[in-house]
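The values are calculated or read from the model by the stated rules, or taken from the named source; none is laboratory data. Quantities reported herein were computed from a predicted structural model and do not represent experimental measurements. Neighbour counts run over all protein chains shown; Cβ positions are idealised from the backbone, glycine included. We work out accessible area using only protein heavy atoms, side chains counted, and drop any ligands, DNA or RNA first. Shrake-Rupley method; radii C 1.70, N 1.55, O 1.52, S 1.80 Å.
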Amino acid sequence: QVHVVESGGGLVQTRNSLKLSCAASGRTFSGLAMGWFRQAPGKEREFVAAIYWSSGHTFYDESVKGRFTISRDNAKNMVYLQMSSLRPEDTAVYYCAAGADVLSAMEDRYPYWGQGTQVIVSS
């Protein structure tokens with residue numbers, strides 16, 4: 001059984017940083033991609049970033065490019081999202097998604113999802 005668990009959310013002030021972690025277990029993710037998505041209050045869930053597990057290739061939404069960095073630790077089966085220069089509009093529940101066959105911004109490419117971790121950026 002696959003488990004995806006996010007951690008690291010919290011309350012942070014504008015322009016500060018926060019690092020989210022995602023632990024994935026239950027199968028091998030080699031050859032697959034992991035992603036981060038977010039859902040702000042009253043809005044649709046949206047793509048943030050993705051990483052291909054084997055090569056480390058990354059893909060970002062334009063809204064976070066240059067501020068957020070996605071990375072992975074193969075040995076620990078962990079994926080991270082380092083968020084810097086945070087803005088109030090980054091406030092959302094952040095979800096880790098696993099198992100896409102390609103780097104993708106499309107939710108339906110990812111069969112496995114965590115429960116989310118809340119990030120609140122205060123102005």
May I ask you to derive the relative contact order of the chain, considering only C-alpha pairs under 8 Å and at least 6 residues apart, and to give it as an integer percent? 36 percent
Assign one of three labels to segment 1-64, namely rounded, prolate or oblate, based on the Cα gyration tensor with a ≥ b ≥ c the square roots of its eigenvalues; rounded applies when a/c is under 1.5, prolate when it is not and a/b is larger than b/c, and oblate otherwise. prolate
Give me the Debye-computed log₁₀ of I(q)/I(0) at q = 0.16 Å⁻¹ for the chain, equal point scatterers on Cα only, no solvent, two decimals. -0.67
Using a simple charge model, +1 on the beta-carbon of Lys and Arg, -1 on the beta-carbon of Asp and Glu, nothing else, what dipole does segment 11-123 show about its Cα centre, in debye to the nearest 20? 320 debye
With a 1.4 angstrom probe the carbon and sulfur portion of accessible area for segment 47-123, in percent, totals 48 percent
